[in-house]
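A quick write-up on the structure given underneath.
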Amino acid sequence: MCGIFGCILKNSEVASTIHSALKRLEYRGYDSVGEVTIADGRLFIKKDSGKIDEVHMLHNLDDLPGKIGVGHTRWATHGAPTKQNAHPHTDCEEQIAVVHNGIIENFAELKKELEDRGHFFKSRTDTEIIAHLVEEKMHEGLDLKGAVVETVRRLEGSYAIAVVSSKEPDKIVCARKESPLTLGLGENGVYCASDIPAFLPLTNKVVIVEDGELVVLRENGYEIWKIADLKPVIREPKIIDWTPEMAEKQGYPHFMLKEIMEQPLTLRNTLRLQEHYLELMATFLDRAGQLFLVACGTSYHACLAASYIFSKLAFHITNPVIASEFNEQHGKSVNIDSTILAVSQSGETADTLAAVETARQRAATILGLTNTIGSTLTRVSRVYIGQQSGPEIGVAATKTFTAQLSVLSQLALRLAKMRGKVSQDEIDFLEEKVTQIPDMVETILKTQMEKIRQLANKYKDKSCFFFLGRGISYATALEGRLKLMEIAYVPAIAFPAGESKHGPISLVEQGFPVVFICPKDDTRKTLIGNIMEMKARGALIIALCEEDDEEIKRLADDCIEVPKGIPEVLSPIPYVVPLQLFAYYMALERGCDPDKPRNLAKSVTVK
Ligand code: AGP
């Protein structure tokens, strides 16, 4: 997730306005920053890797001439955070500049086509192909608007772009597909941005650009068209009454809720990973003798779930290991035949990096899955994959967890294909289901939120919870427990449901709440037995089950419904979402701040 901003001012230069706007978009990404303005018939560009303040100190982002310009603050997805990869990106003649938020899935083939036509590329980003495509179209005689229309019609994936040209210095052409784009209409100028906070101090007159629309922004206003058929769109501005702080959360009361709600989009972004890296990593996993999945906290829960997925799909035995225990458990045995897949959304967790360092010193192969390109984990990994979730501001991991699961599921599917362990029909079925997961999560968010909020109110005074599941749902149970503990400060215990009678059931008394994760998978029959044994001792049963599972609904005191037809190996993604919401609403009921839980840091960079 990156931040784009553009503006045209009537009476003043734009550089400092762009700089301030980018500062307000910094929560969307902050590993590189850049600005471009137009004056005297040419482009003026300043950009570099680093945080906005660092780059400003080095280059003075306020010192660019011109009353029109665009800017960008980056969260790297394609290409490491370097000056060359920072936006804006330009065409060969440096007359067209583009800033972009999103992921262009077909950039490799378009880049090849353009290189074959003699275009030379300065960066490793997907974005740069947009500038060269617009250049091509303008060479064919199209104006900037026409060239952008033709360009975006060739793009697959997600984008919110703002394009300027020194040949047409009076306009900014923007377009969006999936990535957000808004317009601001002020007294002294007009603005376009990924998010409202960028221009809220300048105006609260807002126009939301809808999917598949293109905008031409001029000093005196804006025009909108449908990209598909260039039908004009009439849309009046709205006055919004958000505070700047609320705007940063897109109107949600907390970053955690905003990030829970973002999961359909971030899950779609995990479906746009570069095939080359998925195949490369799957190859390394296939060759691995001993394969350790190493992480902390929520990321460890993703590894635990992945161990079931790799085993069931690819018949590949893996060892999920809590990073802080790795050296004690395997420090002596890890060797050149070992492979470590370290999972860390921050890429900076000290315990995880310590485990990786031990393995590296003993010649093991290091692979990485992270949300932070340019992090230490990406530098020590032989191969890494960026999960493309955008910055996660809430301390509790939510969207980054489901994104990790999606990437790990895709890797397991490739491994299964490589090993020929699963029929092509089943592979096709599962690949189709992976693409349906974002919509399933969207359905849960739309249909279950109010019920979950009521459940939190009903159970807000309970002093302890069990979270139980069998098979892969044990990982889901662990994650649900962690969410409730870390942001609502409610003691919770998660264990495989089959373990109840080996001790923990002694805690159960009348009214004791037990959360059961009950997808319709192979474990369901025995799980019903576990529910019965809890009910027999007076427990209150909160069941997460498929929407048509009448048997479970009859047994449970409260039910949260999940769309049916989710394969067992993919079940943690949709089933964890209600548990994230339950923890969030329990935190509110108990007067806790979900974004800043006590004693916790977003990235634990100390051991
Ligand atoms: C999850 O809600 C916690 N914030 C924490 O457990 C986190 O998952 C853990 O510290 C690992 O962080 P990482 O993914 O950045 O390595």
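The numbers here are math on the coordinates, done by the rules we state, and not lab data. None of these values were measured; they are calculated from a predicted model. As a convention, Cβ positions derive from the backbone with ideal geometry for all residues, glycine included, and neighbour counts pool all protein chains shown.
Could you tell me the relative contact order of segment 318-462? Use alpha-carbon pairs under 8 Å, at least six residues apart, and round to a whole percent. Walk me through the numbers before you get to the answer.
Values: 140 pairs, mean separation 21.6, N = 145.
Normalised by residue count, the contact order of segment 318-462 is 15 percent.
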> Cα-Cα over 24 Å: which of 46/399; 460/535; 258/312?
Replying inline: 46/399; 258/312
>> Among 377, 321, 282, whose Cα projects farthest towards the positive end of the dipole of segment 265-398, with charges put on the beta-carbon of Lys, Arg (+1) and Asp, Glu (-1)?
In response: 282
>> Given axes a ≥ b ≥ c from the Cα gyration tensor, I'd like to know whether segment 235-280 is rounded (a/c under 1.5), prolate (a/b larger than b/c) or oblate.
In response: prolate
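Using square roots of five times the C-alpha gyration tensor eigenvalues, list the equivalent-ellipsoid semi-axes of the chain in whole Å, biggest first. Each step should come with its number before you reach the end.
Numbers: eigenvalues 388, 151, 95 Å².
Taking √(5λ) for each Cα gyration eigenvalue gives 44, 27, 22 Å.
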> Each label point is 7 Å from the Cα along the Cα-to-Cβ direction; what then is the distance between the points at residue 246 and residue 427, in nm?
Replying inline: 5.1 nm
> segment 318-378 to segment 448-469: how many Å between their Cα centroids?
Replying inline: 35 Å
>> I'd like the orientation of helix 424-447 relative to the chain: the angle between its Cα long axis and the longest Cα principal axis, in ° from 0 to 90, rounded to 10.
In response: 80 degrees
>> Give me the net charge for the shell around residue 538: Cβ to Cβ below 12 angstrom, other residues only, Lys and Arg +1, Asp and Glu -1.
In response: -1
> Angle between the Cα long axis of helix 473-488 and the longest principal axis of the chain, 0 to 90 degrees, nearest 10?
Replying inline: 70 degrees
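What are the trypsin sites (Lys or Arg not before Pro) within segment 119-221 that DSSP puts in a loop, where the Cβ has at most 16 other Cβ atoms within 10 Å?
Working: sites: 122, 124, 137, 145, 153, 154, 167, 171, 176, 177, 205, 218; in loops: 122, 124, 153, 154, 167.
Listed in order of number, the matching sites are 122, 124, 153, 154, 167.
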> Using θ = phi - 60° and the Karplus curve 6.51 cos²θ - 1.76 cosθ + 1.60, what whole-Hz ³J(HN,Hα) does each residue of segment 132-143 get, with Gly and Pro shown as x?
Replying inline: 6, 5, 4, 4, 3, 5, 6, 5, 7, x, 6, 7
> Long-range amide H contacts for residue 321: which residues qualify at under 5 Å (H placed 1.01 Å from N, peptide plane, sequence gap of 5 or more or a different chain)?
Replying inline: 293, 294, 295
> What are the residues whose amide H is under 5 Å from the amide H of residue 157, where those residues sit 5 or more places off or on another chain and H is modelled from the backbone?
Replying inline: 105
> Using +1 on the beta carbon of Lys and Arg, -1 on that of Asp and Glu, and nothing else charged, what's the dipole of segment 275-360 about the Cα centre, debye to 20?
Replying inline: 180 debye
>> Please report the antiparallel percentage of DSSP beta bridges with both residues in the chain, rounded to the nearest 5.
In response: 65 percent
>> Which aspartates and glutamates, if any, have their Cα less than 14 Å from the Cα of residue 249, not counting same-chain residues under 8 positions apart?
In response: 26, 195, 241, 259, 262, 392, 595
>> Could you derive backbone 3J(HN,Hα) for segment 164-171 from the dihedral phi with the Karplus parameters 6.51, -1.76 and 1.60 (θ = phi - 60°), listing whole Hz in sequence and x where the residue is Gly or Pro?
In response: 10, 9, 5, 7, 10, x, 9, 9
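Counting other C-beta atoms within 10 Å, which of 598, 419, 28 has the fewest, and how do the rest follow? The partial results should precede the final answer.
Values: 598 10, 419 14, 28 25.
Listing 598, 419, 28 from fewest to most nearby Cβ atoms yields 598, 419, 28.
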> Once amide H atoms are placed 1.01 Å from N in the peptide plane, what residues at a sequence separation of 5 or more from residue 564, or on another chain, have their amide H within under 5 Å of its amide H?
Replying inline: 547
> Quick one: 92, 174, fewest Cβ neighbours within 10 Å first, how do they rank?
Replying inline: 92, 174
>> Output the 0 to 90 degree angle, nearest 10, between the alpha-carbon long axis of helix 524-535 and the longest principal axis computed from the alpha carbons of the chain.
In response: 70 degrees
>> Could you give each residue of segment 360-373 its phi-based ³J(HN,Hα) in whole Hz, using Karplus coefficients 6.51, -1.76, 1.60 with θ = phi - 60°, and x for Gly or Pro?
In response: 5, 5, 9, 6, 6, 8, 10, 10, x, 10, 8, 9, 10, 5
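Charges only on Cβ, +1 for Lys and Arg, -1 for Asp and Glu: so what's the dipole of the chain about the Cα centre, in debye to the nearest 20? Write out the running numbers ahead of the final one.
Numbers: 70 positive and 82 negative charges, 248 e Å.
It comes to approximately 1200 debye.
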